[in-house]
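Report on one structure; see the data block that follows.
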Amino acid sequence: MSLPTPYYDHGGITIYHADARDVLPLLRPVDLLLTDPPYGHGADKWSGGTWASNPIYDEAKTWDTAPVDQGLLDASVALAAQAIVWGGNYYRLPPSRCWLSWLKSSRMATMADFELAWTNLDRPAKAFEEDRNPDGKRWHPTQKPLALFRWCLDMTGPQTVLDPFMGSGTTLRAAKDLGLRAIGIDRIERYCSVAATRLQQEVLFA
């Protein structure tokens, strides 16, 4: 079996519009898994406060009804020498010495003040402070700041990166800015299109 035709493939960055379960077994090992899979909040937790009226959150109620299959996440972690999984506290992952935290400098009473990432790194836990939405227009309801993912890449020093739950492509955009090779996978074509559009922009350093 061969890999599907890429949705996007340029400058060392490749996007597959596919189910990660079909692509992962065909990939070679990578240096780093950097991903932010669905947390399984469901429609009941995507409500409350004025932010919930934004139509962007309606999408999350369709694909965030449950966490991804634990076996799929385990297979993703196994493919990488180093792994950073945002929202890893929602999954059954091994004990970790190094949890990462994104401290949100803009606080909202009905939204989380910080988010956690599980890692397999053998180093002290670290925190990164950044605004909730520093990058302008948001393309995805759970989009992470570009600076946050550059920070993750800087601390791990990979040459190849994988994000099997790519969303709007922040992992790929950060990898491109740092001259790294990266693979992203998403089963929703609109997000593949968004990620490709972001990758076609000029390289920007914050």
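The values are calculated or read from the model by the stated rules, or taken from the named source; none is laboratory data. Everything numeric in this text was worked out from a predicted model, so none of it was measured. Counting neighbours? That spans all protein chains shown, and the Cβs are built from the backbone with ideal geometry, glycine included. SASA here: full protein model, heavy atoms, side chains in, ligands and nucleic acids out. Shrake-Rupley method; radii C 1.70, N 1.55, O 1.52, S 1.80 Å.
Of the listed requirements (1) out of contact with any Gly (no Cβ under 8 Å at 6 or more places or on another chain); (2) touching a residue at least 60 places away in the same chain (Cβ under 8 Å), ASP163 misses just one: (1). Per the conditions (1) on the phi < 0 side of the Ramachandran plot; (2) out of contact with any helix residue (DSSP H, G or I) (no Cβ under 8 Å at 6 or more places or on another chain); (3) at pLDDT 95 or above, the sole criterion not satisfied by ARG21 is (2). Looking across segment 145-160, the residues that are open to solvent by less than 20 Å² (accessible area, probe 1.4 Å) and either modelled with pLDDT under 95 or within 19 Å of CYS98 (Cα to Cα) (or both) come down to LEU148, PHE149, CYS152, LEU153, THR156, PRO158. Against the numbered list (1) at pLDDT 95 or above; (2) over 19 Å from TYR7 (Cβ atoms); (3) of a type outside the set (S, T, N, Q); (4) part of a loop (DSSP other than H, G, I, E, B), PHE165 comes up short only at (2). Taking segment 80-116 as the range and being of a type outside the set (Phe, Trp, Tyr), out of contact with any helix residue (DSSP H, G or I) (no Cβ under 6 Å at 6 or more places or on another chain), buried (at least 17 other Cβ atoms within 10 Å of the Cβ) and at pLDDT 95 or above as the test, the residues that pass are ALA80, VAL85, GLY87, GLY88, LEU93, SER96, LEU100, GLU115. One residue stands out among those in segment 4-19 that are in contact with a strand residue (DSSP E or B) (Cβ under 8 Å, 6 or more places away or on another chain) and part of a strand (DSSP E or B): the one that is nearest to GLY184 (Cα to Cα), which is ILE15. The residue list GLY179, GLY184 contains one member that is outside any helix (DSSP H, G or I) and out of contact with any helix residue (DSSP H, G or I) (no Cβ under 8 Å at 6 or more places or on another chain), which is GLY179.
Residue pairs whose Cβ atoms lie under 6 Å apart, sitting 6 or more positions apart in sequence or on different chains, and linking a residue in segment 1-22 that is touching a residue at least 24 places away in the same chain (Cβ under 8 Å) to a partner that is in a loop (DSSP other than H, G, I, E, B) and open to solvent by less than 20 Å² (accessible area, probe 1.4 Å), are ALA20/PRO164.
Evaluating ILE188 against the criteria (1) under 24 Å from ASP19 (Cα atoms); (2) modelled with pLDDT of 95 or more; (3) of a type outside the set (S, T, N, Q); (4) open to solvent by 30 Å² or more (accessible area, probe 1.4 Å) leaves one unmet condition, (2).
From the residues in segment 157-187 that are in contact with a strand residue (DSSP E or B) (Cβ under 8 Å, 6 or more places away or on another chain) and among the β-branched types (Val, Ile, Thr), which one is farthest from PRO134 (Cα to Cα)? Once the filter is applied, the top-ranked residue is THR160.
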